[in-house]
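First comes the structure, then the notes that go with it.
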Amino acid sequence: MWGASKDEFIHSFGSRLENGEWEVKGLIERVSKGRSGAFFYFTHDKKYILKTMSKSEHRTLETLLPAYFSHIIHNPNSLLCRFMGSYSINIFEKQFYFVVMENIFSSHRPQEVYDLKGSWVNRQSI
């Protein structure tokens, strides 16, 4: 898990109480300013980011993950984000998809921020 133990990863989302029940620690919600309208959630310790995604995005990511994993193993200093997992959950008979990523900014503050877009469609510069 890219330097995090399973217990450390799980602890970022919550903890097991003495009675055995699971207590989820608060997630911090951010709404995307992009067209997708995806929701972003940060774990309480800001170590991980959860991003909602569509079913097609989920399928695409799952097809890319084997090559991505190989790339990260062979290029451990890569600046690509670290995907921790791709998940789906069924709530009230509706399927939701999301990915969990390591938040590199939890321990590093950027000096400059750029908003890089993958498309030129409906975009213009002045």
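Structural remarks
- Residue check, Lys47 closer than 18 Å to Glu8 by Cα, touching an Asp or Glu at 6+ places or on another chain (Cβ under 9 Å) and at pLDDT below 85: no
- When the residues of region 2-24 are filtered to those that are at positive phi and either open to solvent by 50 Å² or more (accessible area, probe 1.4 Å) or assigned to a helix (DSSP H, G or I) (or both), the one that is modelled with the highest pLDDT is Gly3.
- Filter result for the condition that a residue is open to solvent by less than 100 Å² (accessible area, probe 1.4 Å), among the hydroxyl-bearing types (Ser, Thr, Tyr) and either over 18 Å from the mean Cα position of the chain (by Cα) or modelled with pLDDT of 75 or more (or both), over Ser125, Ser70: Ser70
- Residue in region 92-104 that is in a helix (DSSP H, G or I) and free of Cβ contacts under 8 Å to residues at least 40 places away in the same chain present: yes
- For region 77-86, the count of residues that are surrounded by 14 or more Cβ atoms within 10 Å (Cβ to Cβ) and among the small types (Gly, Ala, Ser) is nonzero.
- When the residues of region 25-43 are filtered to those that are assigned to a strand (DSSP E or B) and not aromatic (Phe, Trp, Tyr), the one that is modelled with the lowest pLDDT is Val31.
The values are calculated or read from the model by the stated rules, or taken from the named source; none is laboratory data. Every value quoted in this text rests on a predicted model; they were computed, and no experiment measured them. Here Cβ is always computed from backbone atoms with ideal geometry, including for glycine, and neighbour counts include all displayed protein chains. Ligands, DNA and RNA are excluded from the accessible area calculation, which covers all protein heavy atoms including side chains. Shrake-Rupley method; radii C 1.70, N 1.55, O 1.52, S 1.80 Å.
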